[in-house]
Structure formats: C-alpha cells, structure tokens
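Each remark here refers to the structure printed beneath this line.
The values are calculated or read from the model by the stated rules, or taken from the named source; none is laboratory data. The structure displayed is predicted, hence computed values, not measured ones. Neighbour counts are summed over all protein chains in view; Cβ atoms, including those assigned to glycine, are modelled from backbone coordinates with ideal geometry. Just so you know, the surface numbers come from the protein's heavy atoms only, side chains and all, with ligands and any DNA or RNA stripped out. Shrake-Rupley method; radii C 1.70, N 1.55, O 1.52, S 1.80 Å.
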Amino acid sequence: QVQLVESGGGLVQPGGSLRLSCTASGSILSANSMGWDRQAPGKAREWVARTTRSGIINYRDSVKGRFTVSRDNAKNTVYLQMNSLKPEDTAVYYCFGQYGGEYWGQGTQVTVSS
C-alpha cells in the first residue's frame with residue numbers, strides 16, 4: 001500500500017504561482033508513473049501532468065507552458081509548479097502514482113480568485 005501526501009495548495013490571484021508537493025511513503029523510482037490530477041467543482045476528475053520512470057513527461061493541453069512537473073527521487077517527492085494561474089485552474093489537486101495499482105492522495109485545494 002502506497003500513501004501519497006500533498007501539500008502547497010491555497011488561494012492565489014489570477015496570474016500568480018503555486019508549487020504543490022507530493023511525498024510518497026515508498027520509493028517513487030518503483031512507480032511506473034507519477035503525476036497530478038485535478039477535480040473542479042461539478043466536473044469529472046482529469047489528469048494534469050505525468051512523469052514516467054523513463055523520463056517522459058506529458059501535460060494536458062490547457063496547462064502546457066504554465067505548469068511544470070518535476071521529481072526528487074532522493075526525497076520520494078513529486079512537484080507541480082503552477083505559473084500564470086487562471087480561475088479555471090481552481091480545483092482539488094490530487095497526487096497520482098502508478099505502482100502496478102493506481103494510488104491517489106487526499107488532495108489539496110487550489111483556488112484562483114481575485
């Protein structure tokens with residue numbers, strides 16, 4: 001069983017930045033893929049970013065050029081740097097890990113509002 005714990009959410013004005021962190025209870029080198037999903041109020045959960053063990057990184061189109069996913073294998077931590085935030089980025093952000101089975105954290109709220 002893998003536990004993923006997110007931190008770093010909060011309230012930010014449009015155009016601002018936040019960095020989310022996700023620390024895994026096990027080695028992220030054991031994961032086939034790590035990343036982030038989000039769920040906005042009244043909408044389905046959607047994937048945001050993925051980073052694979054082989055170094056492939058993918059983003060959904062709406063965040064390309066604004067969000068950056070990175071990982072620190074020594075700290076078993078995955079990050080999501082979010083820049084130029086928009087109100088439509090408001091959502092609960094969930095850390096994701098694929099270790100054979102799929103795991104998500106409890107989520108951290110990101111609110112983009114003036």
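Quick notes on this structure:
- Debye-formula intensities of region 1-106, expressed as log10 I(q)/I(0) at q = 0.21, 0.22 Å⁻¹, are -1.10, -1.20 (one equal scatterer per alpha-carbon, no solvent).
- Restricting region 23-114 to trypsin sites (Lys or Arg not before Pro) that sit in a DSSP loop and have at most 13 other Cβ atoms within 10 Å of their own Cβ leaves 43, 64.
- By the rule of a C-alpha distance below 19 Å, with chain neighbours fewer than 8 residues away ignored, the lysines paired with residue 43 are 86.
- In Å, descending, principal axis extents of the Cα set of region 71-114: 39, 21, 12
- Taking amide hydrogens as placed 1.01 Å from N in the peptide plane, the amide H of residue 107 sits under 5 Å from those of 6, 95, each at least 5 positions away in sequence or on another chain.
- Between residue 58 and residue 11, the distance separating the two model label sites (each 7 Å from Cα on the Cα→Cβ line) works out to 3.6 nm.
- Whole-number percent relative contact order across the chain, with pairs defined as alpha carbons under 8 Å at least 6 apart: 38
- Taken per residue, the accessible surface of the chain reaches 51 Å², heavy atoms only and a 1.4 Å probe.
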